[in-house]
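Accompanying notes for the structure given below.
The values are calculated or read from the model by the stated rules, or taken from the named source; none is laboratory data. From a predicted model like this one, the values you see are computed outputs, not experimental measurements. No Cβ is skipped: glycine too gets one built from the backbone with ideal geometry, and neighbour counts run over all protein chains shown. Keep in mind that these areas ignore ligands, DNA and RNA; they rest on the heavy atoms of the full protein, side chains included. Shrake-Rupley method; radii C 1.70, N 1.55, O 1.52, S 1.80 Å.
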There are 4 protein chains.
Amino acid sequence: MTQTASPELLRQLVIANKILYDQGIVDAMGHISVRHDKDPERYIMSRHLAPALVGDADLVAFDLDSNPIVEIGKPYYSERFIHGEIYKAQPAVISVVHCHAPSLIPFGVTKSSLRPIYHMSGFLGAGVPVFDIRGTAGMTSMLVRTPSLGAALARSIGDKPMVLMRGHGATMVGGSIQQAVYRAIYAAMNASLQMQAQLMGEVEFLAQEEADLAAAQGDSTYHRHWALWEKRVRDLERM
Amino acid sequence: MTQTASPELLRQLVIANKILYDQGIVDAMGHISVRHDKDPERYIMSRHLAPALVGDADLVAFDLDSNPIVEIGKPYYSERFIHGEIYKAQPAVISVVHCHAPSLIPFGVTKSSLRPIYHMSGFLGAGVPVFDIRGTAGMTSMLVRTPSLGAALARSIGDKPMVLMRGHGATMVGGSIQQAVYRAIYAAMNASLQMQAQLMGEVEFLAQEEADLAAAQGDSTYHRHWALWEKRVRDLERM
Amino acid sequence: MTQTASPELLRQLVIANKILYDQGIVDAMGHISVRHDKDPERYIMSRHLAPALVGDADLVAFDLDSNPIVEIGKPYYSERFIHGEIYKAQPAVISVVHCHAPSLIPFGVTKSSLRPIYHMSGFLGAGVPVFDIRGTAGMTSMLVRTPSLGAALARSIGDKPMVLMRGHGATMVGGSIQQAVYRAIYAAMNASLQMQAQLMGEVEFLAQEEADLAAAQGDSTYHRHWALWEKRVRDLERM
Amino acid sequence: MTQTASPELLRQLVIANKILYDQGIVDAMGHISVRHDKDPERYIMSRHLAPALVGDADLVAFDLDSNPIVEIGKPYYSERFIHGEIYKAQPAVISVVHCHAPSLIPFGVTKSSLRPIYHMSGFLGAGVPVFDIRGTAGMTSMLVRTPSLGAALARSIGDKPMVLMRGHGATMVGGSIQQAVYRAIYAAMNASLQMQAQLMGEVEFLAQEEADLAAAQGDSTYHRHWALWEKRVRDLERM
């Protein structure tokens, strides 16, 4: 029998939903999940709801086939297979974000590769694959609505921090909620800055070793970002 | 004798006015209407007022020639013929939005066609005509201020979800208030993303079949967007 | 002996200061004035203060040489000569705005002429001169700090609605506070849209006659904008 | 024995932290310091914290080798050597800002030089060096985490108002907190405007003498900006 997930983990997941909205990464669409801290064969995510509106009571536990552990009789995200199949394929992944952050969309539909323009997005140095759903399923609504589409996306991201999805959005992973949220926010910021820089001329990106060193360094700073992001969300709720 | 429109429909129309402002689709200009749910030969729209300021008491019923059913002795939108003539020509249309959303303006005055860059705007796959008022009326103030100009615009949009208006703005329609509002918001988002992507290089738009499938899929999700948009408007009113 | 200016005019001038800030036309710099409604040889403007902070007690009356009628012992805007010299040269001008609105700056330092991209900015059809202070005074701090520089700027704007100032900003005039504020806001919006459209390709601007008709039409709608702008300012003050 | 720093100086430093956040110059990263007003061999800066969250109790005094005068048992900014080494090398510098302001990043990684596009940023006329950390230390995490890297950055900025840092951000200095904050805000604004203007065509920047005169003139106006910026911060705290 599985134990209940840590209350602190659930609390962070609710806050993360609101942070992603406040920081412009998700609107009504997009979602974030976390692997269950007592049972790695489960993950937790909101029922079908805009992230900004998610509360404690909306969280649902799923197995890695993305079936709810307990049926709640309300709709789930149709793209929850993105989460389940990545957790299945990548044991080190603890959190997954799926979003349509505006600045990322152009990088999924043009030849420009997303590359690290500064140390804040050194994690992009690992390379950013682009998933084209046509390669797996031909003509679709673009949504990852089945286990096999989720598995195809999981193969595309492999062990990398993120994947762009052509004509759709992006998916980021992390070894913690904080890392996944950080990667979503700074991938979007990098996209915006890279777009501008490319219009200005040839861009000098971080060297591979610089990107790796910056990414490792950045891993020690999530608490500083999170303290600010969480305060913003709490202030907004109080208003 | 016509029955009173559903209170819930009127409530949604007031909220829709404020959502369009909050989401940056209208400023003091622009308007949204809904077809009367008890009498398809009528539609309901605010009197001449900035959408953000519209309340229950400002709603007026018009016949499809855009004459008020009951004269209220206050000015009406001079471009209400956009609404009346589209309702007349397209029985399936339940709601009409007219706006000058900033990101759409450049697409009405350049050779770039607005096309679906991602699944959220699959409805653009139906094609986006550009209405040039000169073709109908020569030199004007650009406003659709007469029944015949409204009828010309209705012919231009035909059975499509939206029409761009050269040097003016755009008009979107929907089978519900929610659909018309959704189309206005994501047409504007698509325009912003497409503009950026085109500056970066050749853009891979959704294939026709992908756009159609995505549009059909999107039709089932308006309640999720609306819940967020309505909450924002209510929070702003409370502050 | 001059009568006191109308309290309603003074109230509108205070609100206009805050609207220009709320709409992003001014930051701490920039100013708006109005011609005295009882004495056309005077104008009213705030003392040296960020527009957002201006209250009733900060308003000062100046003669058209930009000397204060009553010395208040606090600093005045060093560029008040922009206002005085335009009122002197153009009897029909009732209000003057000077600003550094971000989107206008690139149009003062490149070869692109600001032209009306849509009906909301039809007033640009009158033509937008660019004032280069070097032509009058050689090397300066760019500021219009003397009567003769003010007179040179007044000659540059002539009877037109606005003038761009190279490496500095812009000045707009109007037959009312509402018209001057409207022109500032939609000149800045036009600049932003035109910049984007020009990057996309050849732009079809309004024809001259369309621009003239649209400008005349727009003159009847200031109250609708103003109601919204004033409400925003009042809501912000209440928070 | 060193006296306590002026309470007013400490108060301004706390406010400056929040202004830099409110004006979009820093997010959770970035920092501002001030030289101790009773002991030029010391400077004051927050402990390791997002600037928006800094309060009086978070301020720490450092010697110019960036060792805390009194060990507080909490982490410090790892890049505090930027501050200490500039204070050591430039006796006239009273305040230092380090930031990753978005609009500045593209200018550190492309061939475009940041130049004064209008009078508000005349201080850029002094020239803006670009610091490339590779020239000093080869492959790094891009962070200025040692005294020798700080000294290299200090040599790069020399006696100029600011330095861009490739793939990282920028550092600005000032003869007061107000001047350093002003330079950060208007350097970022200039970058945004210059980027847009360059896409539109050839840009006419301020002449050298104009830039110098504008910078000198601007030095007398910090109080007007600061009054607005401080009010915004206070209003936000009250909400």
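Odds and ends about this structure:
- With respect to (1) open to solvent by 50 Å² or more (accessible area, probe 1.4 Å); (2) assigned to a strand (DSSP E or B), the lone exception for residue A:155 is condition (2).
- Checking each residue in the range C:96-113 for being open to solvent by less than 10 Å² (accessible area, probe 1.4 Å) and more than 9 Å from chain D (Cβ to nearest Cβ) picks out C:96, C:97, C:98, C:99, C:101, C:104.
- Wholly enclosed strands (runs of 3 or more DSSP E) of the range A:25-102 bearing at least 1 residues charged (D, E, K, R) and under 18 Å from residue A:149 (Cα atoms): A:59-63
- Of all residues assigned to the range A:161-171, none qualifies as being modelled with pLDDT of 95 or more and open to solvent by 40 Å² or more (accessible area, probe 1.4 Å).
- Residue selected from the range A:63-83 under the condition crowded, with 22+ Cβ neighbours inside 10 Å and out of contact with any helix residue (DSSP H, G or I) (no Cβ under 6 Å at 6 or more places or on another chain), by the criterion farthest from the other protein chains (Cβ to nearest Cβ): A:83
- Selection status of residue A:176, modelled with pLDDT of 95 or more, more than 9 Å from chain D (Cβ to nearest Cβ), open to solvent by 20 Å² or more (accessible area, probe 1.4 Å) and out of contact with any Asp or Glu (no Cβ under 8 Å at 6 or more places or on another chain): yes
- Taking the numbered list (1) of a type in the set (A, V, I, L, M); (2) within 15 Å of the chain's Cα centre (by Cα); (3) in a loop (DSSP other than H, G, I, E, B) in turn, residue D:13 passes all entries but (3).
- All conditions in (1) within 8 Å of chain C (Cβ to nearest Cβ); (2) among the hydrophobic types (A, V, I, L, M, F, W, C); (3) over 20 Å from the mean Cα position of the chain (by Cα); (4) surrounded by fewer than 17 Cβ atoms within 10 Å (Cβ to Cβ) hold for residue D:236, with the sole exception of (1).
- Among residues of the range C:51-75 that are in contact (Cβ under 8 Å) with a residue 12 or more places away in the chain, those with a beta-carbon under 8 Å from a residue that is β-branched (Val, Ile, Thr) and open to solvent by 70 Å² or more (accessible area, probe 1.4 Å) at least six positions away or on a different chain give the pairs C:60/C:70; C:60/C:72; C:61/C:70.
- Test: residue in the range C:33-47 that is open to solvent by 10 Å² or more (accessible area, probe 1.4 Å) and in contact (Cβ under 8 Å) with a residue 60 or more places away in the chain: yes
- Qualifying residue in the range B:179-200 (condition: buried (at least 19 other Cβ atoms within 10 Å of the Cβ) and part of a loop (DSSP other than H, G, I, E, B)): no
- All positions within the range A:146-167 that are under 21 Å from residue A:94 (Cα atoms) and basic (Lys, Arg): A:155, A:160
- Single residue of the range B:208-233 satisfying the filter (surrounded by fewer than 18 Cβ atoms within 10 Å (Cβ to Cβ) and within 12 Å of residue B:122 (Cβ to Cβ)) that is farthest from the other protein chains (Cβ to nearest Cβ): B:219
- Residue tally, condition open to solvent by 20 Å² or more (accessible area, probe 1.4 Å), more than 13 Å from chain C (Cβ to nearest Cβ) and assigned to a loop (DSSP other than H, G, I, E, B), over the range B:116-139: 3
- Of the residues making up the range D:1-38, those that are of a type in the set (Ser, Thr, Tyr) and modelled with pLDDT of 95 or more are D:6, D:21, D:33.
- Only one of the numbered conditions (1) touching a helix residue (DSSP H, G or I) at 6+ places or on another chain (Cβ under 6 Å); (2) touching a residue at least 60 places away in the same chain (Cβ under 8 Å); (3) part of a helix (DSSP H, G or I); (4) facing chain C (nearest Cβ under 9 Å) is not met by residue D:203, and that is (3).
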